[in-house]
Amino acid sequence: MDVKKTLREIGLSKGEIEVYLTLLKLGSSPATRVAKETGLHRTNIYDIIEKLKEKGLVSYIVRNNIRFFSASHPNKLLDYIKEREEEIKEILPELKRYVSIPRDEAVVEVYKGKEGLKTVLKDILREKKNYIVFEEEGYIQKVLPYFYPQFNREMEKRGIKVKVLTKYPEKIARRNLMQIRTLPEFLSFPSATAVYGNKVAIFIWDEPYYAILIKSKHIADSYRNFFRVLWKHAKSD
C-alpha cells in the first residue's frame, strides 16, 4: 500500500506527510533536524508543524529552551478522520435543504486559451455584481500576470466585492473589498469556481487553459447556498 498516497487522500498536504513520517522515524526532534531530514526550509517546517498540531498529529516539549517535536501515534489518524466525519455530519442537514430546488434550463459556453479566460473575467466586470470564489490558489496572477492587476483595479473602481474560500490564503494576491477564509484541509475542489449574477464560471488553469461558463439561476443559487455553508464553517483569515 502506498502510505503517502493514502495520507494525501485523507487530507494531509505533501509537506505535512513528509514532516509527520520523518518525526515518526526520528522520534522527538528539534525543527532543525526535521528540516535537514526532509530538505524543507526551517520556516516552512514551523508552518507545517503548526498545522499538524492543529490536527492533533504533533506535540512538543521544551528542553534547554529548544522545542522538541514528536509525531502522535498513528492511531491518532483514525481520530482525525472521525473528527472530519463529524464536521461533515454537522453540515449535512443544511446541505440537504438545497437538494429539491426547481431547475431552470442551463446554457453552457466553453472558452479556450488565455484570451478565453480574459473573456469570462471581463464578463464578471460587466456584471458589476459582488461575487464568490471557491478554491483559488493564486493561478490567475501566474497565468495572466499583466491582465490580473488591471482586473483588480477595475474591480476596485467599480466597488465589486469578492469572498474567497481557499486552502492557500498566502497564495492569493489581495486587494481592497476582498474577504478570505481558509477551507479545512479535507475539503478539495478540482478547479477554481467563481459565481456572479446568474452565472458560474469554472476556470481550468492547466494548459491550454479553459473557462466554462454556466448560465443558470438555479445552478448559481445552489453554488451560493453551498458557499454560505462552507463560509460559515471556514477559518477567518
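Please go through the stretch 1-15 and pick out each residue that is touching a helix residue (DSSP H, G or I) at 6+ places or on another chain (Cβ under 9 Å) and part of a helix (DSSP H, G or I).
If the condition is that a residue be touching a helix residue (DSSP H, G or I) at 6+ places or on another chain (Cβ under 9 Å) and part of a helix (DSSP H, G or I), then Val3, Lys4, Leu7, Arg8, Lys14, Gly15 are the ones that fit.
Conditions (1) acidic (Asp, Glu); (2) in contact with a Gly (Cβ under 6 Å, 6 or more places away or on another chain); (3) more than 30 Å from Met178 (Cβ to Cβ); (4) modelled with pLDDT under 85, marked per residue:
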{"residue": "Pro74", "(1), (2), (3), (4)": "no, no, yes, no"}
{"residue": "Leu77", "(1), (2), (3), (4)": "no, no, yes, yes"}
{"residue": "Lys82", "(1), (2), (3), (4)": "no, no, yes, yes"}
{"residue": "Ser100", "(1), (2), (3), (4)": "no, no, yes, yes"}
{"residue": "Arg103", "(1), (2), (3), (4)": "no, no, yes, yes"}
{"residue": "Lys114", "(1), (2), (3), (4)": "no, no, no, no"}
{"residue": "Tyr139", "(1), (2), (3), (4)": "no, no, no, yes"}
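Checking the conditions here, which among Ala220, Ala234 is surrounded by 16 or more Cβ atoms within 10 Å (Cβ to Cβ), of a type in the set (Gly, Ala, Ser) and at pLDDT below 85?
Selected residue: Ala234, the only one of Ala220, Ala234 that is surrounded by 16 or more Cβ atoms within 10 Å (Cβ to Cβ), of a type in the set (Gly, Ala, Ser) and at pLDDT below 85.
Do any strands (runs of 3 or more DSSP E) entirely within the stretch 16-132 hold 3 or more residues that are touching a residue at least 60 places away in the same chain (Cβ under 8 Å) and either outside the structural domain of Phe227 (by TED's automatic domain parsing) or closer than 30 Å to Tyr146 by Cβ (or both), and if so, which?
Output list reads 107-112.
For every residue, the table says whether it meets (1) in contact with a helix residue (DSSP H, G or I) (Cβ under 9 Å, 6 or more places away or on another chain); (2) surrounded by 15 or more Cβ atoms within 10 Å (Cβ to Cβ).
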{"residue": "Arg42", "(1), (2)": "yes, no"}
{"residue": "Ile48", "(1), (2)": "yes, yes"}
{"residue": "Lys51", "(1), (2)": "yes, yes"}
{"residue": "Glu54", "(1), (2)": "no, no"}
{"residue": "Ala71", "(1), (2)": "yes, yes"}
{"residue": "Tyr80", "(1), (2)": "no, yes"}
{"residue": "Glu85", "(1), (2)": "no, no"}
{"residue": "Arg97", "(1), (2)": "yes, no"}
{"residue": "Ile124", "(1), (2)": "yes, yes"}
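The values are calculated or read from the model by the stated rules, or taken from the named source; none is laboratory data. Quantities reported herein were computed from a predicted structural model and do not represent experimental measurements. FYI the Cβ positions are ideal-geometry reconstructions off the backbone, even for glycines, and counts take in every protein chain you see.
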